[in-house]
Amino acid sequence: MPQLDTGTLLLGAILLAMALATVAYVAVTAIRGQRRDAARLGAIGFVRSSFASRLDRTIPLNEVLRDMTESLRRNLGLDAAEVWTASAGVLERTVSDPERGPARFPLTPSDESIVAHAPVSGIAWAKVWLPAVLAGRNGATVRIAPVSHTGHLLGLIVAERRAGAPALPGEADGTLKELAREVGVAINNARLDSALEATLEDLRQHAEALEASRARIVAAADAERRRIERDIHDGVQQYLVAISVKARLARQMSERDPARASRLLEELGQEISKALDELRTLAHGIYPPLLASEGLGAAMVAASRRAVIPTQVHADGIGRYPPELEAAVYFCCLEALQNAGKYAGEGATATVRIQQENDKLVFEVQDSGAGFDVTSQGRGAGMTNMMDRVGAVGGSLRVESSPGGGTTVGASIPLRAALTEP
């Protein structure tokens with residue numbers, strides 16, 4: 001067997017060492033790659049696998065975001081992870097791990113648009129566009145991933161390592177970008193759910209208010225029928241009974257006592273006149289004849305002459321409208337004038353304006369009286385009646401007043417039905 005010289009042995013040892021080093025390098029690189037992948041998949045996998053299911057279980061979004069920041073900090077080896085949310089021009093720190101105090105600052109619309117379309121960025125970019133986010137970080141390494149959806153900024157994900165710590169690996173930006181995309185979808189869905197719940201709650205309240213309004217209208221109609229029945233019984237009916245009795249007496253006395261019969265006939269004429277006046281008054285309270293024959297303008301001018309305080313009416317240019325709409329506006333104006341007469345005070349005046357604005361009929365009753373604090377005074381029966389009348393024809397009532405500044409009652413009613421001719 002030939003003997004190997006020293007040079008050959010040395011060369012073999014070097015080659016063996018190089019082979020071992022190569023194997024070790026490949027193994028270490030593979031292990032590091034597996035760790036990086038595990039870290040990346042650990043953070044992203046939490047979002048992908050847990051966000052939807054946790055939100056489906058009606059867990060609050062902040063709790064899910066808190067779990068996400070903990071997973072992000074742990075898997076990427078961070079010293080801190082934060083989620084900021086943007087709403088109504090304000091950026092606010094919502095969740096942080098470890099826990100930090102609240103922080104918020106305003107964003108202009110132009111800055112908000114720039115941040116929403118920015119990539120994952122570091123300190124140099126943040127100093128220009130988001131300097132407030134860097135406050136109190138003492139030179140730490142920071143990566144910021146904007147969270148957006150369809151071009152609208154929803155928030156930020158902030159990853160931080162303390163000063164002097166190893167820099168974040170290159171794949172961290174990819175992880176943050178993926179997380180930001182998934183978190184953006186989750187935040188947007190949560191806000192849509194909140195908006196839907198708010199809309200449903202608003203509809204529920206409107207439905208309850210409509211049901212209560214209808215109940216009040218039915219009760220008011222029943223009460224009005226009973227009032228009309230009492231007025232007929234106690235007023236017109238008594239005149240008609242007296243007329244009937246005197247007519248029989250006059251017929252019986254016509255031959256035996258013509259003079260007395262003549263007096264009875266005179267009294268009978270007076271009773272008939274009183275009965276007619278009573279009927280006119282009663283009919284005017286139910287539905288003014290002038291409103292039916294000539295419309296809102298003429299009826300309000302006539303009503304203003306009977307108002308307690310001096311009243312001017314401006315209703316030029318309005319036409320004829322469905323009877324239920326004209327009645328609602330007329331009686332609301334009367335109610336507002338009646339309230340002004342009671343509470344406006346001495347020397348007050350009132351102005352009634354009725355006009356058509358495009359496809360809406362608008363009215364306003366304004367007085368120069370004492371006024372009141374709208375926020376502290378509850379709705380009375382008169383105000384409730386006006387709201388019910390306007391609401392029944394699809395309109396909305398408003399009341400504006402202040403102590404010493406008079407009171408304005410107005411409404412806007414959509415003209416859904418075709419206009420009717422007189």
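Worth pointing out:
- Fewest-first ranking of GLU160, GLU211, using other Cβ atoms within 10 Å as the exposure measure: GLU211, GLU160
- Approximate spin-label separation SER402-GLN338, in nm, with each point projected 7 Å along Cα-to-Cβ: 3.0 nm
- Each peptide in 335-345, 86-96 gets a packing score, the mean of other Cβ atoms within 10 Å over its residues, and the list from highest to lowest is 335-345, 86-96.
- Fully extended contour minus Cα-Cα distance, from ALA88 to ASN62, at 0.36 nm per residue: 7.5 nm
- Full extension of the segment from GLN205 to ARG305, taken as 0.36 nm per residue of separation minus the current Cα-Cα distance, would add 32.0 nm.
- Model label points for THR150 and GLU70, set 7 angstrom from Cα along the Cα-to-Cβ axis, are 3.4 nm apart.
- Partners for LYS360 among aspartates and glutamates (Cα-Cα distance below 19 Å; same-chain residues under 8 apart left out): ASP316, GLU324, GLU326, ASP388, GLU421
- Extension gain from THR351 to ALA212, taking 0.36 nm per residue of separation minus the Cα-Cα distance: 46.9 nm
- Distance between modelled label sites at ASP373 and ASN189, nm, 7 Å Cα→Cβ extension: 4.8 nm
- Using the Karplus relation 6.51 cos²θ - 1.76 cosθ + 1.60 with θ = phi - 60°, the per-residue 3J(HN,Hα) values for the range 63-74 come to 5, 5, 5, 5, 4, 5, 5, 4, 5, 5, 4, 5 Hz, with x marking Gly and Pro.
- Here, the range 118-234 yields an orientationally averaged convex hull projection of 12.5 nm² when only Cα atoms define the hull.
Just so you know, all these numbers are worked out from the coordinates, no wet-lab data involved. Keep in mind the model is a prediction, meaning the values are calculated, not measured. Neighbour counts are summed over all protein chains in view; Cβ atoms, including those assigned to glycine, are modelled from backbone coordinates with ideal geometry.
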